[in-house]
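Read through the structure below, which is laid out as structure tokens, and then see the notes.
The values are calculated or read from the model by the stated rules, or taken from the named source; none is laboratory data. Just so it is clear, the model here is predicted, and its values are computed rather than measured. FYI the Cβ positions are ideal-geometry reconstructions off the backbone, even for glycines, and counts take in every protein chain you see. Side chains included, ligands, DNA and RNA excluded: accessible areas come from the protein's heavy atoms. Shrake-Rupley method; radii C 1.70, N 1.55, O 1.52, S 1.80 Å.
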Amino acid sequence: MQVSETNQLHNLGKKDSVDNTISSNNLQEECMLDEEVMTKSKAFYLLLLVLGILTIFIGIGAYLTYPFPSKINGTWRNPTIGMSLTTKGNSWTAKIEDYQGVSGYTILYKGLWRAGGVNTYDAKHTKVQVILEKQKISVSEVIKIQKESSIYKIIKDNHNILQIEYTEAGIHKLFNREKVDNYFHFSLEPFTLKKSNQVLFLNHPYFSPERLPFRFSE
């Protein structure tokens, strides 16, 4: 009887030992699984971080190099030819007051922007207009221009100014070409986020054989 009880106690002890071993193994496996999950989680978040940083750098690079019209919003001036370039969104206006030394005579070029390359802005749908200040231009000249013509149309005529816009025939007569879009070919330099440190260069021999720098004024 004592032997039987002893055997039972011995078997029970062995069972407890086995159970403890199994529990220990299970605990080790759980710990290993937890460590593996943590390692994978860290790797995943590290990958997200790298992708996020890479996306930011790609975005900055694209902004610095692509000719977004918003990058040149405002007014740029060149004192050499007396031209001011005002750009807002996709539209632009280039103005020369007292054109060719004639007081009260202002020439306007108006158009839209299109991407021409890395930080390069080309014009499209360019219109040519003239504003005459009646107080500075002779009455006979104003009356002469007020007459109908095939080369221009009157778009404003009031007490102070007379404003005309040249037709395709007028542009061809003045410039010996159907369009003047390629006269307005600008490049923005250098690559920087600070507009006050940049220069907008006009590149066309019609205005000058040299590149004309325009600096941001407002």
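If you go through segment 204-213 and keep only what is open to solvent by less than 40 Å² (accessible area, probe 1.4 Å) and modelled with pLDDT of 95 or more, you end up with just Leu212. Can you spot a residue in segment 169-186 that is surrounded by fewer than 15 Cβ atoms within 10 Å (Cβ to Cβ) and on the phi > 0 side of the Ramachandran plot? Yes: one or more hits.
Counted as qualifying within segment 115-203 are the strands (runs of 3 or more DSSP E) with 1 or more residues that are within 30 Å of Arg215 (Cβ to Cβ) and either of a type outside the set (Asp, Glu) or modelled with pLDDT under 95 (or both), namely 120-133, 161-166, 185-189, 199-202.
Please tell me if Lys88 is touching a strand residue (DSSP E or B) at 6+ places or on another chain (Cβ under 6 Å) and in contact (Cβ under 8 Å) with a residue 12 or more places away in the chain. Against the criterion (touching a strand residue (DSSP E or B) at 6+ places or on another chain (Cβ under 6 Å) and in contact (Cβ under 8 Å) with a residue 12 or more places away in the chain), Lys88 does not qualify. Taking segment 170-207 as the range and being among the small types (Gly, Ala, Ser) and under 27 Å from the mean Cα position of the chain (by Cα) as the test, the residues that pass are Ser187, Ser196. When residues in segment 111-121 are screened for being touching a Lys or Arg at 6+ places or on another chain (Cβ under 7 Å) and crowded, with 19+ Cβ neighbours inside 10 Å, 1 of them pass.
Residue-by-condition table, conditions (1) within 35 Å of the chain's Cα centre (by Cα); (2) on the phi < 0 side of the Ramachandran plot; (3) among the acidic types (Asp, Glu); (4) open to solvent by 30 Å² or more (accessible area, probe 1.4 Å):
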{"site": "Ile145", "(1), (2), (3), (4)": "no, yes, no, no"}
{"site": "Ser150", "(1), (2), (3), (4)": "no, yes, no, yes"}
{"site": "Gln163", "(1), (2), (3), (4)": "yes, yes, no, no"}
{"site": "Arg215", "(1), (2), (3), (4)": "yes, yes, no, yes"}
